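The values are calculated or read from the model by the stated rules, or taken from the named source; none is laboratory data. Every value quoted in this text rests on a predicted model; they were computed, and no experiment measured them. Ideal geometry is used to build each Cβ from the backbone, glycine not excepted, and the neighbour counts take in all protein chains shown. Only protein heavy atoms, including side chains, enter the accessible area calculation; ligands, DNA and RNA are left aside. Shrake-Rupley method; radii C 1.70, N 1.55, O 1.52, S 1.80 Å.
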Amino acid sequence: ELFALSGAVNAVVALAFGLLVFVKNWRNKEGLLFLLMTASLAAWGFGYWIWLSSDSYDKALLWVRILSIGSNFIPIFFFHWIAVTLRLKHNYIALLYLLGVSITVFAFTPYFIPSVSEKMNFKFIINNLIDISGHFLRFYR
């Protein structure tokens, strides 16, 4: 499955790139934040690979919830890394981390991702709590 394989490739490349930058810059905060960002990308990619390769409902639901944890922290680590690298004030970073952790608390509950089901050509696709697909279809017509 090409879609599943793309997740594995993303995970390996992100982690390798993150480790490369960290090893060269391991004493600086920028290097650590970059590693954390790429580790989140790798968690998302690895979860994406296993999710789309799953052959059972329970396994697919578990891995889609795991990949969502990684995807929650990608923008937070990215913002923090950019703010530190450019030496910008980042007064709200603690609030962003708190929001990320608050969302993660619900990651393995039906309040976050309630279920997966077969849609289009995919065996297990996320069923969101709020279906916004109609809004996208209206917007992109």
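Dipole magnitude for the chain: computed about the Cα centre from +1 point charges on Lys and Arg Cβ and -1 point charges on Asp and Glu Cβ, it is near 500 debye. Counting charges near Tyr57 (Lys, Arg +1; Asp, Glu -1) among other residues having Cβ under 13 Å from its Cβ returns a value of 0.
Which residue, Val23, Leu61, Phe46, has the largest displacement toward the positive end of the dipole of the stretch 8-70 when charges sit on each Cβ (Lys, Arg +1; Asp, Glu -1)? After comparing all options, I get Val23.
With the full set of protein chains in place, find how many percent of the accessible area of the chain is carbon and sulfur; take the probe as 1.4 Å. Working shown, then result.
Working: 6630 of 9440 Å².
Within the chain, the accessible surface is 70 percent carbon and sulfur.
Which label marks the calculated value of Cα Rg over 2.2 N^0.38 Å, given the options [x] 0.95; [y] 1.18; [z] 1.35? Only one listed value fits the structure, namely [y]. Annotation: amide H-H contacts under 5 Å for Ile125 (H modelled 1.01 Å from N, sequence separation of 5 or more, or interchain): Ser117, Glu118, Lys119. Each other residue within a Cβ distance under 14 Å of Leu88 adds +1 if Lys or Arg and -1 if Asp or Glu, for a net charge of +2. Solvent-accessible surface of the stretch 1-79, taken per residue with a 1.4 Å probe and all protein chains present: 55 Å². The calculated 222 nm mean residue ellipticity attributable to helices in the chain amounts to -23500 deg cm²/dmol, summing -39500 (n - 2.57) over DSSP H runs of n ≥ 4 and dividing by all residues.
The charge dipole of the stretch 1-74, taken about the Cα centre with unit charges on the Cβ atoms of Lys, Arg (+1) and Asp, Glu (-1), comes to about 360 debye, rounded to the nearest 20.
Judged by the mean number of other Cβ atoms found within 10 Å, the most tightly packed of the peptides 65-75, 93-103, 48-58, 34-44 leads the ranking 34-44, 65-75, 48-58, 93-103.
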